[in-house]
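A quick write-up on the structure given underneath.
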Amino acid sequence: DAMVIQNPRYQVTQFGKPVTLSCSQTLNHNVMYWYQQKSSQAPKLLFHYYDKDFNNEADTPDNFQSRRPNTSFCFLDIRSPGLGDAAMYLCATSRDLGGRQETQYFGPGTRLLVL
Amino acid sequence: GNSVTQMEGPVTLSEEAFLTINCTYTATGYPSLFWYVQYPGEGLQLLLKATKADDKGSNKGFEATYRKETTSFHLEKGSVQVSDSAVYFCALSDNSGAGSYQLTFGKGTKLSVIP
């Protein structure tokens, strides 16, 4: 089945130690997103890639970076995780057809714990 | 700007009870509307969607009708099961033009179904 895959499902890191979360998709969608979801809150968009074009949300901290080496993979890098960065990180994909976005499909998420 | 307002939870129902979760929205143009479901510790799963006025989305016994006149997209199910216990998010996608990639979420409604 076509899907969005996130690894690992759980990640533990130390305060200030860089960490990378990964996302891959078999849907061949041209848009990929990273969301941060804290407990009992709605997901918050951090940034998205439209093909290779990176689009950062205005309020996303500089501590968060992303890479998309090819259509299938996208990475979230947290350069110096703080305790406040502990959250669920969700990857999503969609297909954009000439400016009309189709449904976003989400992966299972990676829960990040910062010690 | 766009916004989604959904009924506050938590909602607790007995098995086989009727479910309604209210959702209203504010948007420019003609948004697409979605209900996503999130089971504990998991990512978001698309439950149903509607892309234009009077469309009815349905899946797994859940239904929601896109009502432009009342700007609403209420989620209903005739007979809930324990396995429906989850958090439900109403969301909209603004299709007003290229670059409108952000999903606007409601705050989520936690549903608990007891045997």
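The values are calculated or read from the model by the stated rules, or taken from the named source; none is laboratory data. In this text the structure is predicted, and so the values were computed from the model without any measurement. Heads up, the Cβs are rebuilt from the backbone with ideal geometry, glycines too, and the neighbour counts pull from every protein chain shown.
For the range A:93-115, which residues satisfy the criterion of being more than 8 Å from every other protein chain (Cβ to nearest Cβ) and under 23 Å from B:LEU48 (Cα atoms)? Talk me through it step by step, then tell me what you get.
Step one: filter the range A:93-115 for residues more than 8 Å from every other protein chain (Cβ to nearest Cβ), giving A:93, A:95, A:97, A:102, A:110, A:112-115.
Within the range A:93-115, A:THR93, A:ARG95, A:LEU97, A:GLU102 qualify.
Confirm whether A:CYS74 is within 12 Å of chain B (Cβ to nearest Cβ), of a type outside the set (Val, Ile, Thr), buried (at least 20 other Cβ atoms within 10 Å of the Cβ) and farther than 30 Å from B:GLY9 by Cα. Break it down into steps so the answer makes sense when it comes.
Values: within 12 Å of chain B (Cβ to nearest Cβ): no; of a type outside the set (Val, Ile, Thr): yes; buried (at least 20 other Cβ atoms within 10 Å of the Cβ): yes; farther than 30 Å from B:GLY9 by Cα: yes.
Answer is no for this residue.
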Hey, B:VAL87 buried (at least 18 other Cβ atoms within 10 Å of the Cβ), more than 15 Å from the chain's Cα centre (by Cα), over 13 Å from B:TYR25 (Cβ atoms) and in contact (Cβ under 8 Å) with a residue 12 or more places away in the chain or not: no
The range B:38-58 residues that are over 17 Å from B:GLY108 (Cβ atoms) and in contact (Cβ under 8 Å) with a residue 12 or more places away in the chain, paired with ones that are among the β-branched types (Val, Ile, Thr) and loosely packed, with under 14 Cβ neighbours inside 10 Å (beta carbon under 6 Å, 6 or more apart): none
Given (1) away from chain B (no Cβ under 13 Å); (2) assigned to a loop (DSSP other than H, G, I, E, B), number of the condition A:ALA58 does not satisfy: (1)
Any chance B:VAL11 is modelled with pLDDT of 95 or more and within 11 Å of chain A (Cβ to nearest Cβ): no
Leading residue by the ranking (farthest from the other protein chains (Cβ to nearest Cβ)) among those in the range B:36-55 that are in a loop (DSSP other than H, G, I, E, B) and within 19 Å of A:GLU102 (Cβ to Cβ): B:ALA53
Residues satisfying the stated conditions in the range B:56-115, i.e. modelled with pLDDT under 95, of a type in the set (A, V, I, L, M) and in a loop (DSSP other than H, G, I, E, B): B:ALA98
Some residue of the range B:61-77 being crowded, with 20+ Cβ neighbours inside 10 Å, on the phi < 0 side of the Ramachandran plot and within 14 Å of chain A (Cβ to nearest Cβ): no
Hey, B:GLY43 on the phi > 0 side of the Ramachandran plot and modelled with pLDDT under 95 or not: no
Residue satisfying all of: in the range A:8-33; in contact with a Gly (Cβ under 9 Å, 6 or more places away or on another chain) and assigned to a strand (DSSP E or B); nearest to the other protein chains (Cβ to nearest Cβ) among these: A:CYS23
